[in-house]
Amino acid sequence: MPVPATLAEHWQRVFELFPKEGVTDLEIVAEEVRPAATKRLRELLAPLYESTRRDDAQLRPMGRSKEFSAEARRLVVRYSEGGKRIEATLFADLTKSIYRGPGGFVTAAMWTLDHAYCVFGPVGGETLADPVLAAVVRSRREVPEWQLAIQRWYAERNQQLVAEGQARVLAAARAAVATRTTQSQDLLDISFAGWKSRNAASDAGQANLVNAIHERTTYAQPAGGTVDLPSYYRNVYTDGQGHYVLHDDANWEIHTDPAWNAREWTRMTPQQ
């Protein structure tokens, strides 16, 4: 999902891309930054602000930059469901990390909604003043065992991904060794023309090995030339101006998303 400037922008996009049956007529009522909560949030995230400052100082001499921001926001929306008009109030921490290249172009962006919760009910029902709902919200507590289980799952998943990556690298290395061995045996009885042809194939194998080690794929540029991009995505597009979009979302189409279709995007394929 693109980095949202506001919670309202994100909710509008979600409403359009993932509609819920029976929910219609979304209306953005109000949004605001909560100063006291934002101040406390930034105090808690002070180490991230400091690390961002250090990273930015190192990137500036290269014409690049890094920025980090965190805000506690309150969003009020209304929508229709089951013949009733519903008002929902959402509270969430919106954090963003953005890397920029020369000229200010965004090269990478990460964002998340933390500690989000929502209170909703019929319009005019004074839902936020309901003492029962307020008690439910205030009773929320972190369960250490659950947090530990989540962290353990992520740690195990990361180890699995590393192991899979290492297995791919070893497989590519073994294939390269086998190829070189076969070529060494054949060189004794082939002509120079034949050797030259095999040598070209060896160069391609070496390039594939390097790409496997770095987990990248070489793509052919529409206007000529090649570019190396991460191998983790099935859908790769370029606007022909040095910008690339990589994603794995089968339900998202770049040519119909208003946030992206102002440019002409061309699908790229791996170089054969």
task = For residues that are part of a strand (DSSP E or B) and among the aromatic types (Phe, Trp, Tyr), tally how many sit in region 234-272.
result = 2
inquiry  = If I ask for residues that are out of contact with any Lys or Arg (no Cβ under 9 Å at 6 or more places or on another chain) and more than 16 Å from ALA92 (Cα to Cα), which ones from region 23-42 would you list?
reply    = VAL23, THR24
message = Between TRP252, TRP260, which is at pLDDT below 85, surrounded by fewer than 16 Cβ atoms within 10 Å (Cβ to Cβ), within 17 Å of VAL3 (Cβ to Cβ) and among the aromatic types (Phe, Trp, Tyr)?
response = TRP252
inquiry  = Return the residues of region 235-247 that are closer than 21 Å to PRO4 by Cα and open to solvent by 60 Å² or more (accessible area, probe 1.4 Å); say none if nothing qualifies.
reply    = TYR244
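Here are VAL14, VAL33, VAL23: which of them is modelled with pLDDT of 95 or more and surrounded by 11 or more Cβ atoms within 10 Å (Cβ to Cβ)?
The match here is VAL33.
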query = Going by the structure shown, is ARG152 part of a helix (DSSP H, G or I) and modelled with pLDDT of 80 or more?
reply = yes
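The rows are residues; the columns are (1) open to solvent by 40 Å² or more (accessible area, probe 1.4 Å); (2) among the aliphatic types (A, V, I, L, M).
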residue: LEU44; (1), (2): yes, yes
residue: SER65; (1), (2): no, no
residue: ALA72; (1), (2): no, yes
residue: LEU75; (1), (2): no, yes
residue: GLY83; (1), (2): yes, no
residue: ILE86; (1), (2): no, yes
residue: ALA92; (1), (2): no, yes
residue: THR95; (1), (2): no, no
key: Residue, nearest to GLN12 (Cα to Cα), within region 55-104, restricted to residues that are within 23 Å of the chain's Cα centre (by Cα) and basic (Lys, Arg)   = ARG73
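The values are calculated or read from the model by the stated rules, or taken from the named source; none is laboratory data. Predicted model only: the values in this text are computed from it and were never measured. In this analysis, Cβ positions are derived from the backbone assuming ideal geometry, glycine residues included, and neighbour counts consider all displayed protein chains. We work out accessible area using only protein heavy atoms, side chains counted, and drop any ligands, DNA or RNA first. Shrake-Rupley method; radii C 1.70, N 1.55, O 1.52, S 1.80 Å.
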